[in-house]
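K.L.:
Can you keep this structure in mind? I'll have questions shortly.
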Amino acid sequence: MNEDLNANGNPEIDKALKEFAVNSAKDMSYKAVKFYNEIEAPKMVKLTMKLANLKEQKQAEYALFGFVILAIGISFYLLFWGGHFNIGGKTMITSEEMNKIMNVSSE
């Protein structure tokens, strides 16, 4: 940036700053709310609003977020504490059991 630039004495800059302050103060907060309401809701949010009988998009978003948190919690519970499954491990079978299996399947 140019250090020699002095914006304090420039009438054009003062005028532009005043216009900006007046124009931005009129409806600055309303624009954000208006823009949010004009955006079309995603299909999943619309479906949640329809099925759960919710009236506002924000409520449906919170409901979906809660469902995701619940699903992750249940997944972690089942993964770590839900029981002991022998997935991919080797099971020791005695030769007698193997013979029984082979005889039953061949008959």
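K.L.:
Pairs under 9 Å by beta carbon, first residue without any contact (Cβ under 8 Å) to a residue 60 or more places away in the chain in segment 63-78, partner open to solvent by 70 Å² or more (accessible area, probe 1.4 Å), six or more apart or different chains?
P.N.:
So the pair list comes out as L64/M44.
K.L.:
Would you tally the residues in segment 23-54 being at pLDDT 85 or above and over 20 Å from the mean Cα position of the chain (by Cα)?
P.N.:
Within segment 23-54, residues that are at pLDDT 85 or above and over 20 Å from the mean Cα position of the chain (by Cα) number 1.
The values are calculated or read from the model by the stated rules, or taken from the named source; none is laboratory data. Because the structure is predicted, anything quoted here is derived from the model rather than measured. All Cβ positions, glycine included, derive from the backbone under ideal geometry; neighbour counts span all protein chains shown. What goes into the accessible areas is simple: the full protein's heavy atoms, side chains included, and nothing from ligands, DNA or RNA. Shrake-Rupley method; radii C 1.70, N 1.55, O 1.52, S 1.80 Å.
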